[in-house]
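Written out below as structure tokens is the structure these notes cover.
Rule-based calculations on the coordinates, nothing more; no lab input. This one's a predicted model, so the numbers in the text were calculated from it and none came from an experiment. Cβ sites come from the backbone with ideal geometry, for glycine too, and all protein chains shown count toward neighbours.
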Amino acid sequence: MTQTPDLIVVGGGPVGLACAGELARTGRKVLVIEAGEARGEAWRAAAGMLAAQAGSHHEDPLLELSVAGRERYAEIGPLLLEHTGVDIGLHLEGIARVATDEEEATSLRATVGWQRQQGHLCDWYTAAEVRTRWPWLCPTQGCLWAPRDGALDPIRLVEALQAEAQHLGVTIVRDRVVGLDRLGDRIGGVRGTSTYTAGDVVIAAWAWSREITGLPRPVSVEPIRGQMAALTWPDGVPPAIIIGRSTYIVPRAGEALLGSTMEHAGFAPEVSAAGIAEIFTGATALCPALARGAVLRTWAGLRPVTPDGLPIVGREPRLDGLWYATGHGRNGILLAAVTGALLARLINGDEDAGELAPLRPERFWDWQA
């Protein structure tokens, strides 16, 4: 079978679907090639935090893009509900990132000051203020409070993005892309069990991006395993998103989602007793009331992580028509929608997408021809 779109997106997760929808909106004929329910897909295992500010660090190069990603959901969330009938569960009611010692408090206070200098709303709460607002937390040294941060439901997000893309004329097929086809110095299409031709190809296949043959350079994306657990939300504790040094707590539908580990485990998305114990230890130290909750399930996902922790987004300079939108690591949900919007601009000839400059593909494996 041969498909004849003018653009192919390899990968049907949130980043790939966001790219497909945005490009279809500009009149492109888009084909998404999705490998199916591969074990360990990061978005299926994500907590859905939009921690644009609470998850950043001092002078974080991703801060502005992350804030734009969060605000993009505030813009499109109601539109997705209107167009598809799917509520992505968006709530932007704030995230607290707590400090448990003075060293961490000093670092977070510096982050608060820096974010304020960039014009973003961010507050520092003293230990007494934290105790008053969240009396069920362990003793702290204060917290960074990001009132615009929040979360959404990743499963519903992908459902909504897929429905919206198909409504815009995007075709979605199941196949695993194994290689690229070239026509001289430009892309010709991709190969899976079938051959698909197109003048532009976007690689958005998360941790599996590096497995595709024929790429002009190695894609520096490694799978990093993150284990998670769900407990019943403890009675008498108001829902809140809390980030600690080594764990986080996200409420959703009466559950407490706990995470997450960062492990080099190849493409093995299994949970381990040691990993789950690490999560429980960190979460119950942060919120002792969680120790009373019943364990509902445990799972793991594989995050696509680059050596410098930044995504790979933009044009491949060594092969015309090849584009990347991969390597988003822990920020895949947060950055999916804004990545789609910015990459669509870039593919359609807007060279002013300066937000993507630090993410350029050629920062890795940049040798002379």
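Some observations on this one:
- Some residue of the range 275-285 being touching a Phe, Trp or Tyr at 6+ places or on another chain (Cβ under 7 Å) and either in a helix (DSSP H, G or I) or not hydrophobic (A, V, I, L, M, F, W, C) (or both): no
- Any hit, the range 279-286, residues being closer than 23 Å to N331 by Cβ, surrounded by fewer than 14 Cβ atoms within 10 Å (Cβ to Cβ) and not basic (K, R): no
- Pair list, Cβ < 6 Å and 6+ apart or interchain, from the range 290-310 residues that are in contact (Cβ under 8 Å) with a residue 60 or more places away in the chain to residues that are assigned to a loop (DSSP other than H, G, I, E, B) and surrounded by fewer than 20 Cβ atoms within 10 Å (Cβ to Cβ): G293/P234; T298/V271; A300/V271; T306/S220; P307/S220
- Exactly one residue out of R191, R174 is without any contact (Cβ under 8 Å) to a residue 40 or more places away in the chain and not acidic (D, E): that is R191.
- Selection of the range 311-337 for residues being touching a residue at least 60 places away in the same chain (Cβ under 8 Å), in contact with a helix residue (DSSP H, G or I) (Cβ under 9 Å, 6 or more places away or on another chain) and of a type in the set (G, A, S) yields A325, G327, G329, G332, A336, A337.
- For the range 65-155, the strands (runs of 3 or more DSSP E) that sit wholly inside it and include 2 or more residues that are in contact (Cβ under 8 Å) with a residue 12 or more places away in the chain and buried (at least 22 other Cβ atoms within 10 Å of the Cβ) are 95-98, 143-146.
Quick grid of which residues meet (1) out of contact with any Gly (no Cβ under 9 Å at 6 or more places or on another chain); (2) under 22 Å from D181 (Cα atoms); (3) hydrophobic (A, V, I, L, M, F, W, C):
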{"position": "V313", "(1), (2), (3)": "no, yes, yes"}
{"position": "P317", "(1), (2), (3)": "yes, yes, no"}
{"position": "L322", "(1), (2), (3)": "yes, yes, yes"}
{"position": "T326", "(1), (2), (3)": "no, yes, no"}
{"position": "R330", "(1), (2), (3)": "no, no, no"}
{"position": "I333", "(1), (2), (3)": "no, no, yes"}
{"position": "A336", "(1), (2), (3)": "no, no, yes"}
{"position": "G340", "(1), (2), (3)": "no, no, no"}
{"position": "R345", "(1), (2), (3)": "yes, no, no"}
